[in-house]
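Contents: one structure, followed by commentary.
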2 protein chains.
Amino acid sequence: MVNQSSAALDRTFAALADPTRRALLARLEGEVDGLSVSELARPFAISLPAVMKHLDVLGNAGLVSREKIGRTVTCRLEAAPMAEAMAWLERYSAYWNNQLDRLAAFVEAEEDDDG
Amino acid sequence: MVNQSSAALDRTFAALADPTRRALLARLEGEVDGLSVSELARPFAISLPAVMKHLDVLGNAGLVSREKIGRTVTCRLEAAPMAEAMAWLERYSAYWNNQLDRLAAFVEAEEDDDG
DNA sequence: CGATTGGTTAACCATGCTGTTAACTATCTT
DNA sequence: AAGATAGTTAACAGCATGGTTAACCAATCG
């Protein structure tokens, strides 16, 4: 038995695990009115079908929506699923802050030893 | 040319994209002194080698460290790489808050229409 | 020493991911 | 109607992932 939100988290994290897809999202972030598939694809050194597959992954994760008007498809960023990923990570933020504090304390102690 | 931190982010997000691996991390979160590989694996319905592969993925992402003492290997959570993932997501938090606000406003407007 | 316990490695299988090229549909332009 | 433009689909290749079983160190126990 797996949590309901688990599959959604799977898709979100998996979608974010690729640099091309993160770049696509970053590109959409600045464009409130969205971008067409071709405009979106233009800066990338891969074929259009490859970009489409990335858009499928992002779409399945709910991170990008597509609206077809005439022959052009406008893609928009849908950032909401990231909130769930963030919430999952937040569970650990206290933990890594502690670890970073310990590291900082350790470095300071070393500096005292050496200097 | 890809950002230096890009590969690290790839590994972190990819490691987090699997429910078994997230469960392993969640289990380690409560254990300050870490857990042995066998203890860690016990609750899971998969073979030990399968768990080891997950630990390799987590280890490569820097999310788990292993220390061998005698014949037992102690695994500990290293949450620090998650901070980078969080920082990446934070870029979008304003965006998804806006979207959620718009959604809330829309729902309220609908309720006014219906009621 | 011999047996057991903790972990690892190897070989293999099925599936999925990322990219390609080629062909195709659908819409706009002239 | 013909042609260009926007996007999609299909088929394939190569490599990664996630799991298995079986065999194999290495350390502890009796």
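Below is a table of values for the structure above.
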quantity: Overall dimensions of the protein assembly as shown by Cα: Rg and Dmax, Å; calculated: 20.9, 73
quantity: Simple Cβ-charge dipole of chain A, Lys/Arg +1 and Asp/Glu -1, about Cα centre, in debye nearest 20; calculated: 1260
quantity: Directionally averaged projected area (convex hull, Cα atoms, chain B), nm²; calculated: 11.6
quantity: For B:10-23, mean number of other protein chain Cβ atoms within 10 Å; calculated: 5
quantity: Protection-proxy order for peptides B:28-37, B:83-92, B:64-73, each taking the mean of Cβ atoms within 10 Å per residue, highest first; calculated: B:83-92, B:28-37, B:64-73
quantity: Per residue, in Å², the accessible surface of region B:4-82 once ligands and nucleic acids are set aside, probe 1.4 Å; calculated: 50
quantity: Nearby lysines by direct alpha-carbon distance to A:Lys53 (threshold 22 angstrom, same-chain neighbours under 8 apart not counted); calculated: A:Lys68
quantity: Dipole of region B:4-82 [Lys/Arg +1, Asp/Glu -1 at C-beta], most positive-end residue of B:Leu25, B:Phe13, B:Ile46; calculated: B:Ile46
quantity: Chain B, helix-only ellipticity at 222 nm - DSSP H runs n ≥ 4, -39,500 (n - 2.57), divided by all residues, nearest 500; calculated: -22000 deg cm²/dmol
quantity: The protein assembly as shown - percent of accessible surface contributed by carbon and sulfur, probe 1.4 Å; calculated: 52
quantity: Buried area at the A-B interface (accessible, heavy atoms, 1.4 Å probe, summed, Å²); calculated: 3100
quantity: Region A:29-44 versus region B:26-95: alpha-carbon centroid distance in Å; calculated: 36
quantity: For A:Phe44, solvent-accessible area (1.4 Å; no DNA, RNA or ligand), Å²; calculated: 50
quantity: FRET efficiency for B:Glu111 and A:Ser65, using Cβ-Cβ distance with R0 set to 25 Å, rounded to 0.05; calculated: 0.60
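The values are calculated or read from the model by the stated rules, or taken from the named source; none is laboratory data. Predicted model only: the values in this text are computed from it and were never measured. A quick note on method: Cβ atoms are made from the backbone with ideal geometry, for glycine too, and the neighbour counts reach across all protein chains shown. Keep in mind that these areas ignore ligands, DNA and RNA; they rest on the heavy atoms of the full protein, side chains included. Shrake-Rupley method; radii C 1.70, N 1.55, O 1.52, S 1.80 Å.
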